[in-house]
Structure formats: C-alpha cells, structure tokens
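Comments concern the structure below.
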Amino acid sequence: MRFRAKIVDLACLNHFSRIINTIAKLAKTCILRLTVCKLYFILSDKVANGGASMWCELSQPSLSSSSRIVTHDIPVGVIPRRMWNDFREPSVPDFDVSIYLPVLKTMKSVVERMKNLSNFIVIEANLSGEMNLKIETDLVSVTTHFKDLGNPPWASEDGCQSSAQGRDLESMAEACIDIKKLLQLLAGQQVNPTKALCNIVRKRIVHFILLHEEVSLQYFIPAVA
C-alpha cells in the first residue's frame, strides 16, 4: 500500500522538509498519524528494553500566496485500529529535575568531543539551573558545567506544584545514557527550537522536549545501568 500527500505552500514545504530531516536522524521508519488538525510522527521503540522513543506533533500547513505542488508516493503499512492505543501520546514522567537546555549547538559540540572518549554520558541537573555533562572511564574523567539555565515552572492542572517542588534546590539528579542516542538528537536539529528542556528521572530516563512555533518534539532516552 502507498500513501500520497500534497503540500502546496512553499514556506510550509520548506518547514516540513526540515522537520522530516530532523526525524530521519532519529529513526529509519516511524509511525505517521493523521488527524483533521495535526500530523504526528511516532517512534515506538520500547524504552524499557533500551530503545529510544519519540513523539513529534505538527500543526496542519496554512496557505499563502507562494505555492508549489510536490507529490510523493511512499510505501506504507496500515496499522489496524485495534492497535491504535499502542501509539498514544506519552505522559510526562514523574521527573526529579526539569531544566532548560543550553544552546543546542554548544551542547552538540561538547557531546561530539566526549563521544570519542566514551560510549556513555551522564547528564545531571538540579533546581538551581545547573547542569553537568560527564564522562568517566578508567583512563579519564571529564565534566562540562552549565549554569543559569533556568527551570521550567511546571504545575499540574489543579494548580498544585509539580513533583519537583519542595526538594533540595542544589541536589543533583542524574542519568547515564547512550551518548550516540543523545548526539543523534542534537546533530539532527534543523528546526532551531525556541525552547528546549529536559526532564530527568534519576537513573531511569531522560525526557527531552523541543518546541518551535507549531512543532513539538519529545524524545525519551532510557538510562543504562
């Protein structure tokens, strides 16, 4: 079976192309979900089994005076309706720390240098806007420090403070993750997010959220022992 889509707005086409190129760095195949108002790209690898997961949400293209018609036929496999519940939007994990990320280009440069020294990287952060990227091996220990990053004002719908509130502001929460998975996320960015943050569940998972206008991208990288 094949899927056909048509984009007629040139600006939307260019924007869509950047998003697709970003997703292509994270996965060779993914789930495409279509609704009246939005498109969703979903990578459903089981985090519990060591795989990364992704949820990308894109609002539908609007028309302008500049248009170009592009049509592609892409082979697809249709997912039976009975399995649709397996591809619901992931919930925000019960994090220990949530923090804004530094400039992604700067972070990418640091991680690229570190990947030559280790296959794993430790991300740690606290509620005082501090984040460290660390690698530790038998031969070398390297740490890059970031300060004054800020922490998002998370709150639940009923107005209660988030689960991170009330904790020691200086206490670090950390998770050790596959450095290649992190670099895939950083190296693939072509949408220049206006906000980028991560939630750390201590020694379990790092949840990245990238926001840019009508696009949101969530990426989950499980911790390694």
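When we screen Ile135, Ile99, Ile123 for residues that are surrounded by 12 or more Cβ atoms within 10 Å (Cβ to Cβ), touching a Ser or Thr at 6+ places or on another chain (Cβ under 6 Å) and not in a loop (DSSP other than H, G, I, E, B), the only hit is Ile135. Could you check the stretch 184-220 and list, in sequence order, the residues that are over 15 Å from Cys56 (Cβ atoms), in contact with a strand residue (DSSP E or B) (Cβ under 9 Å, 6 or more places away or on another chain) and open to solvent by less than 60 Å² (accessible area, probe 1.4 Å)? Selection gives Leu197, Cys198, Asn199, Ile200, Val201, Ile205, Val206.
Residues that are in a loop (DSSP other than H, G, I, E, B), within 17 Å of Tyr40 (Cα to Cα) and open to solvent by 100 Å² or more (accessible area, probe 1.4 Å) within the stretch 83-96 comprise Arg88, Glu89, listed in sequence order. Of all residues assigned to the stretch 104-115, none qualifies as being open to solvent by 40 Å² or more (accessible area, probe 1.4 Å), under 14 Å from Ala173 (Cβ atoms) and assigned to a loop (DSSP other than H, G, I, E, B).
Taken together, Arg33, Arg68, Arg4 contain a single residue that is modelled with pLDDT under 70, open to solvent by 50 Å² or more (accessible area, probe 1.4 Å), assigned to a strand (DSSP E or B) and out of contact with any His (no Cβ under 8 Å at 6 or more places or on another chain), which is Arg68. Here are some residues: Thr106, Thr137. Which one is over 30 Å from Ser17 (Cβ atoms) and polar (S, T, N, Q)? Step by step, each of Thr106, Thr137 is checked, and only Thr137 is over 30 Å from Ser17 (Cβ atoms) and polar (S, T, N, Q).
Within the stretch 101-134, count every residue that is under 17 Å from Ile200 (Cα atoms) and not charged (D, E, K, R). Of the residues in the stretch 101-134, 15 are under 17 Å from Ile200 (Cα atoms) and not charged (D, E, K, R). Being within 18 Å of Asn132 (Cα to Cα) and of a type outside the set (Asp, Glu) holds for only one residue in Ala187, Ala173, and it is Ala173.
Scanning the stretch 98-134 for residues that are acidic (Asp, Glu) and closer than 20 Å to Phe220 by Cβ turns up just one, Glu124. For the stretch 37-65, filtered to residues that are in a loop (DSSP other than H, G, I, E, B), open to solvent by 50 Å² or more (accessible area, probe 1.4 Å) and modelled with pLDDT under 80, the residue that is farthest from Asn192 (Cα to Cα) is Lys46.
The values are calculated or read from the model by the stated rules, or taken from the named source; none is laboratory data. Since we're looking at a predicted model, the values are computed, not measured. Neighbour counts are summed over all protein chains in view; Cβ atoms, including those assigned to glycine, are modelled from backbone coordinates with ideal geometry. Ligands, DNA and RNA are excluded from the accessible area calculation, which covers all protein heavy atoms including side chains. Shrake-Rupley method; radii C 1.70, N 1.55, O 1.52, S 1.80 Å.
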